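Written out below as structure tokens is the structure these notes cover.
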Amino acid sequence: MASDKQEFINGNDVIEKLQISLQQSEERYRTLVTESPETILIIKAGSVQYINPAGMAMFGAHHEEELVDRPFMDRLHRDDQRKMTGNLDSLLDIGDRTEPCHERFLRLDGSTIDVEVKLILVSDGVDKAVLVMARDITERITAQNAVQYMLKYDSLTGLPNRRLFQDELGEAIASNASAATLVAVLFLDLDRFKMINDSFGHSIGDQLLILVCRRILATVPQGATVARVGGDEFTVVLEHITHRAEVMAIVKTLMDSLTKEPFFLHGEEIFITASIGISVSPDDGMDALSLFRNADMAMYRAKKIGKNNYQFYHSVMNSSSIATKQVTLERALRKAIVRDELYLVYQPKVDLKSSQIVGLEALLRWNSKELGMVSPAEFIPLAEETGMIVQIGEFVMRSACAQNRLWQDLGYEPICIAINSSARQFLSSDFAKTVESILEETKLDGRWLELEITESLLVQNTESIIQMLYTIKSLGVQISIDDFGTGYSSLSYLKRFPLDRLKIDQSFIRDVTWDPDNAEIATAIISMGHSLRLKVIAEGVETEEQKKFLFERRCDEMQGFLLSKPLIASEVQAMLKKK
């Protein structure tokens, strides 16, 4: 009997201890929810039953009564309510949680915030409720929207840029082909614009470009597409043309509009002239690239014969001398690979906070015995077109890895070297094996190699690209997006890829200290990169003012002529630190 009593007492002790343990556990969870930096709500029967302090702050509430026992849908943007209702219904019927999704919440003051929301079903066996976890991503979305705009529009004039222009030209060609009408492309270049910049300054030059843009828009027919595709270059797409005479009449009116009346800027009277090249589908091209290229060629013909005039494209402009030059260049490039005429130079990258060198970018150079120094802008596109880029790319990777390993063997501190990987090279089926093989061959640890890939690559066969990137990441190799903002937009995909860095293209850095639009764009890219937990590096930094701008906006790294021009290996070695 005493034993039974003892067991009963012990049982009570156990129950008491369990109750204490459960109470402590509940308190721990309550503390976690209360202290969580993320918004947490509990929704039951469509109403908010609980919201944590972070959620109160997100919605701008001072008292729980402002949110609790009120409809959850009141706090969603009207356009997102139907989608959220469907997600909640689906969750209550068949699921236990949803994937994170983008929604818009309404604060109590009526303002909108972008949030990433995850829904989790909770149940006690009788009643069901939904746990809503939300994170404010307004800063990221704002940055993405700014970059999205930047990728399609010229920041100075607000006109479509070259990329959007070519997309719209392609659509116009398809539309007019079905309607049996013509499409004309006008390629307009201002004559001696550099002289205006040199005489009056870049600020006046930019204001002149804005006025030119307005005058073009006021002159061309309604519905025409006008774009700025270069510094002083504009293009116009004319649709539903039935005869070339229509195009000629429009071009003459446009020439008169631009050249007969001066532009007035800050008390200065500025006259300009322009050269215009014209191509017309289908005779001068069946696709956007051909029409654009041929209009460009006609414009150069107009300049060559005296400027301030226009020329229609003619096949004779596609002279055999151009083809001959390409054949000569291709033949010489094939020889360059076996003659060891290709070599690498290295441009340092520095940490903006410490000013210490944190990496190098390997850049390819070609000193031809027949042609002299050949610009990468000439031979890289040719290598891509002919497929030689794969062999050349392997040469670059092998050379950079071998040089890096040599520096380490000589006692210098390890440093990461970045190399550019072409889409053609990257998309080859054995690329990951090639990377692994070269690392093994040169005995270089993968963490000291960085591969720079382009944005456009990320939207090609996304799943296979993701798999390839993760395979390469498993080797320890770092991966960055090169020349960010110059390829096709893939912002919605970025967080799916195992990236380390985002590299801002130099075209967005060049005017960042005096152009408010470029400053805003660069700031948005930095913010977006950090929101995705990526390091951000700016290339093409040439002035202290640009460096200061980047430092103040917490850009991580930079490279450019302010720090150093590209150096040969022996010059780099003098800058490296011994262990």
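Structure values in brief
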{"item": "Identity of the residue in the stretch 524-548, of a type outside the set (D, E, K, R), more than 18 Å from residue 499 (Cα to Cα) and buried (at least 20 other Cβ atoms within 10 Å of the Cβ), that ends up farthest from the chain's Cα centre (by Cα)", "result": "546"}
{"item": "Residues of the stretch 87-111 satisfying the condition of being more than 15 Å from residue 39 (Cβ to Cβ), of a type outside the set (D, E, K, R) and either touching a residue at least 60 places away in the same chain (Cβ under 8 Å) or not in a loop (DSSP other than H, G, I, E, B) (or both)", "result": "87, 88, 90, 91, 92, 94"}
{"item": "Residue in the stretch 89-102 that is at pLDDT below 90 and among the β-branched types (Val, Ile, Thr) present", "result": "yes"}
{"item": "Residues of the stretch 125-152 satisfying the condition of being within 21 Å of residue 206 (Cβ to Cβ) and either in contact with a Leu (Cβ under 7 Å, 6 or more places away or on another chain) or in contact (Cβ under 8 Å) with a residue 40 or more places away in the chain (or both)", "result": "146, 150, 151, 152"}
{"item": "Options 474, 464, 492, 480: the member that is loosely packed, with under 15 Cβ neighbours inside 10 Å, over 26 Å from residue 210 (Cβ atoms), outside the structural domain of residue 207 (by TED's automatic domain parsing) and at pLDDT 85 or above", "result": "474"}
{"item": "Options 579, 548: the member that is outside the structural domain of residue 405 (by TED's automatic domain parsing) and either within 27 Å of residue 446 (Cα to Cα) or at pLDDT 85 or above (or both)", "result": "579"}
{"item": "Residue 282 vs. criteria under 35 Å from the mean Cα position of the chain (by Cα) and either surrounded by fewer than 22 Cβ atoms within 10 Å (Cβ to Cβ) or touching a residue at least 12 places away in the same chain (Cβ under 8 Å) (or both)", "result": "yes"}
{"item": "Matching residues, the stretch 380-392, being within 12 Å of residue 333 (Cα to Cα), at pLDDT 90 or above and under 25 Å from the mean Cα position of the chain (by Cα)", "result": "380, 383, 389"}
{"item": "Candidates 156, 119 - the one that is in a loop (DSSP other than H, G, I, E, B) and either in contact with a Gly (Cβ under 6 Å, 6 or more places away or on another chain) or surrounded by 17 or more Cβ atoms within 10 Å (Cβ to Cβ) (or both)", "result": "156"}
{"item": "Residue match in the stretch 209-224 (condition: surrounded by 19 or more Cβ atoms within 10 Å (Cβ to Cβ) and touching a helix residue (DSSP H, G or I) at 6+ places or on another chain (Cβ under 6 Å))", "result": "no"}
{"item": "Residue satisfying condition, being over 22 Å from residue 494 (Cβ atoms), out of contact with any Asp or Glu (no Cβ under 8 Å at 6 or more places or on another chain) and surrounded by fewer than 19 Cβ atoms within 10 Å (Cβ to Cβ), within set 414, 381", "result": "381"}
{"item": "Complete set of residues in the stretch 33-86 that are of a type in the set (D, E, K, R) and not in a loop (DSSP other than H, G, I, E, B)", "result": "35, 44, 64, 65, 66, 74, 75, 78, 79, 80, 82, 83"}
{"item": "Odd one out for residue 400 among (1) touching a strand residue (DSSP E or B) at 6+ places or on another chain (Cβ under 6 Å); (2) not assigned by TED's automatic domain parsing to the domain that holds residue 433", "result": "(2)"}
{"item": "Candidate set: the stretch 349-370, residues that are acidic (Asp, Glu) and closer than 30 Å to residue 338 by Cβ; chosen: the one surrounded by the fewest Cβ atoms within 10 Å (Cβ to Cβ)", "result": "370"}
{"item": "Unmet requirement for residue 246, which otherwise passes all of (1) modelled with pLDDT under 90; (2) more than 20 Å from residue 300 (Cβ to Cβ)", "result": "(1)"}
{"item": "Near pairs, Cβ below 6 angstrom, 6+ apart or cross-chain, from the stretch 332-359 (within 30 Å of residue 552 (Cβ to Cβ)) to any residue that is hydroxyl-bearing (Ser, Thr, Tyr)", "result": "348/564"}
{"item": "Residue list for the stretch 401-448, filter: in a helix (DSSP H, G or I), more than 25 Å from the chain's Cα centre (by Cα), among the basic types (Lys, Arg) and closer than 15 Å to residue 476 by Cα", "result": "433"}
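The values are calculated or read from the model by the stated rules, or taken from the named source; none is laboratory data. All values reported here derive from a predicted model rather than from experimental measurement. So basically every Cβ, Gly included, is an ideal-geometry build from the backbone, and we count neighbours across all protein chains shown.
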